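Trainee: Below is the structure I would like to discuss, written out as structure tokens.
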There are 2 protein chains.
Amino acid sequence: MSTSTMKIYQAVGSPNSRRVRIFIAEKGIDIPTTNLDLSTKEQFSDTYSAINSRNVVPTLVLEDGTSIGEVPAICRYLEEMYPDPVLLGSNSRDKVLIGMWDRRMEQEGFAAVMDAVRNSLAGMKGRALTGPHFYDQIPAMVDRSKLRVTNFYSDLDKRLSESPFVAGAGFSIADITTMCTLDFAQRALQMPFAQTHGAIKAWYDIVSARPSSSL
Amino acid sequence: MSTSTMKIYQAVGSPNSRRVRIFIAEKGIDIPTTNLDLSTKEQFSDTYSAINSRNVVPTLVLEDGTSIGEVPAICRYLEEMYPDPVLLGSNSRDKVLIGMWDRRMEQEGFAAVMDAVRNSLAGMKGRALTGPHFYDQIPAMVDRSKLRVTNFYSDLDKRLSESPFVAGAGFSIADITTMCTLDFAQRALQMPFAQTHGAIKAWYDIVSARPSSSL
């Protein structure tokens, strides 16, 4: 299904962009995409600053020119426009439980990996936080963030030993966020989950076998 | 309007609890409330751990016993049950714009204040992050977080010079989050917004005059 009236701005290596790429693929829709080159700081160009004042990717630009930033907001809009298949819940209870779990995975997993990466990589000097402002790295945050990732894995293994998917019985946006977090931790921090986390492994084998995961 | 089948667990001094208290007051509903004493670490009791595995407040417990944590998820459920007055947007575009702005205020404002507080206060030693795990304070985060708060005020003043409310033409959850952030910064960090931020001041005078703000 083509949605030629919307447009996505994103970056190939950005894990937040990947969350949206996978969400779009799961919806079976096709949105015209502009790739930004973060290595040349294209997100700070005047053109993109006018599209996203936080200078972050991804952004969804609607047919009327409205810019939507922030992954959960972008996915919410796409869910409202293209409800099938359901990825954000089909009733009030499921919607808020999926929202809650997606946010927990972001705060306890994704954000911890991001903090470790941004406060350690040489290429992130002066860019320790996303957004329009420039902040110095804090080396002490690296070890603390890695400890958070380790704790996140333990908590996730416990959760997935009680629930087939992160937010309950079915695949949802919370699984996309979590899979992107795990792959990001492995790629950027060389911190894969331990093979002893059997519940994570069983879940990961299932979600990473979906065609969308290759994006 | 009484909603005697739901229940809220919260703490008086918790700024995240305050966001939900104000949201509930704006809805004109009444939800039976249990106050936790964070000074005695009641959030880590076995009873509360079973209600909220992250050991954070607030939690909304539904009529069927389901626990909903995370402020945006709690408010989303209340909005679905009690749609009037609308605080999360009345059409798809407004819903995602309000969600986007609420999240930006959280990430760039609320989280920055929280980081400065948790990494500096003597009473927060070993509790530098919310959640079930214990992390040491990182003193270097205090100055960086305060710089983030200063930048947040500048960005907010610009936004409010272009828009009457944080997320657009009407009062929304994003205004509640932002007001709670400003009051929290003043109370816990002695960092009020500068009186030169005229747009913040004009907006703050309006939102803080609402009866709900006294909560």
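The values are calculated or read from the model by the stated rules, or taken from the named source; none is laboratory data. Just so it is clear, the structure is predicted and the values come from calculations on it, not from any experiment. Backbone-built Cβ (ideal geometry, glycine too); neighbour counts: all protein chains shown.
Trainee: When the residues of segment A:64-88 are filtered to those that are within 10 Å of chain B (Cβ to nearest Cβ) and assigned to a loop (DSSP other than H, G, I, E, B), which remaining residue is nearest to A:Lys27 (Cα to Cα)?
Mentor: Only one residue fits best here, namely A:Glu70.
Trainee: So, in segment B:139-162, how many residues would count as being more than 10 Å from chain A (Cβ to nearest Cβ) and either under 21 Å from the mean Cα position of the chain (by Cα) or among the basic types (Lys, Arg) (or both)?
Mentor: Qualifying residue count for the region: 7.
Trainee: Write out, first by first residue and then by second, each pair whose Cβ atoms fall under 7 Å of each other, whose residues are 6+ apart or on separate chains, and whose first residue, in segment B:203-215, is outside any helix (DSSP H, G or I) while the second is buried (at least 17 other Cβ atoms within 10 Å of the Cβ).
Mentor: Hits for this filter: B:Ser208/B:Met179; B:Leu215/B:Arg18; B:Leu215/B:Arg21; B:Leu215/B:Ile22; B:Leu215/B:Ala25.
Trainee: Checking the conditions here, which among A:Glu42, A:Glu79 is under 18 Å from the mean Cα position of the chain (by Cα) and surrounded by 15 or more Cβ atoms within 10 Å (Cβ to Cβ)?
Mentor: Going through A:Glu42, A:Glu79 in turn, the sole match is A:Glu79.
Trainee: What are the residues in segment B:159-202 that are outside any helix (DSSP H, G or I), surrounded by 18 or more Cβ atoms within 10 Å (Cβ to Cβ) and of a type in the set (Ser, Thr, Tyr), if any?
Mentor: B:Ser172
Trainee: Within segment B:112-124, is even one residue outside the structural domain of B:Leu38 (by TED's automatic domain parsing) and closer than 26 Å to B:Asn91 by Cβ?
Mentor: no
Trainee: Further question: Return the residue satisfying two criteria in turn: it lies in segment B:115-128 and is under 18 Å from B:Asn16 (Cβ atoms) and either in a loop (DSSP other than H, G, I, E, B) or among the aromatic types (Phe, Trp, Tyr) (or both), and of such residues it is nearest to the other protein chains (Cβ to nearest Cβ).
Mentor: B:Ala128
Trainee: Could you check segment A:42-53 and list, in sequence order, the residues that are outside any helix (DSSP H, G or I) and either more than 9 Å from chain B (Cβ to nearest Cβ) or touching a Lys or Arg at 6+ places or on another chain (Cβ under 7 Å) (or both)?
Mentor: A:Ser45, A:Asn52 - these are the residues of segment A:42-53 that are outside any helix (DSSP H, G or I) and either more than 9 Å from chain B (Cβ to nearest Cβ) or touching a Lys or Arg at 6+ places or on another chain (Cβ under 7 Å) (or both).
Trainee: Here's a follow-up. Taking A:Gly131 and the conditions (1) more than 10 Å from every other protein chain (Cβ to nearest Cβ); (2) touching a residue at least 12 places away in the same chain (Cβ under 8 Å); (3) of a type in the set (Gly, Ala, Ser), which numbered condition does it fall short on, given that it satisfies the others?
Mentor: (1)
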